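Working notes, beginning with the structure itself.
Just so you know, all these numbers are worked out from the coordinates, no wet-lab data involved. The structure displayed is predicted, hence computed values, not measured ones. Glycine also receives a Cβ, built like all others from the backbone with ideal geometry; neighbour counts cover every protein chain displayed.
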Amino acid sequence: MVISPWDGGTRLYEYALDVRGAIHELVAANVANEETPGYKALHLPFKEALASAMNGEGPLGQRVTHPRHFPVIHSDDHVFLHLTTSVVGSGPDGNTVSLEKQMTLMAENSFLYMALAQFLSGRFNAWGAAIDEGR
């Protein structure tokens, strides 16, 4: 029996990294639009987005019109189905971005992304050690 390094646990880490990357992009977009009048901060809840990614939704399950076509993200598609906008904390210009909150989210998300990457790296290192032992 051949065991693939892309087992369920490895795929979980892969999807979790994709979700953390999407969250990072959203937070960066929020920070970039901090002073844009009327801009509503975007939020992507990790748990719901990960469940969607595991079910093939989001950037890993893109739409195609023919089975032989390459998947393409359409400009009108949301990255994930659970993308929400913040309507709380609107200033006089209608912008809902809190720079302090976004920077906190960025630091937290970066830390969790690095932790996931280290766990995935450990899985690959274990596979490498097993292969080296078999030589």
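With the simple spin-label model, which puts each label point 7 Å out from Cα in the Cβ direction, the Ala117 to Glu25 separation comes to 1.7 nm. The label point for Thr85 and the one for Glu34, both projected 7 Å from the Cα toward the Cβ, are 2.1 nm apart.
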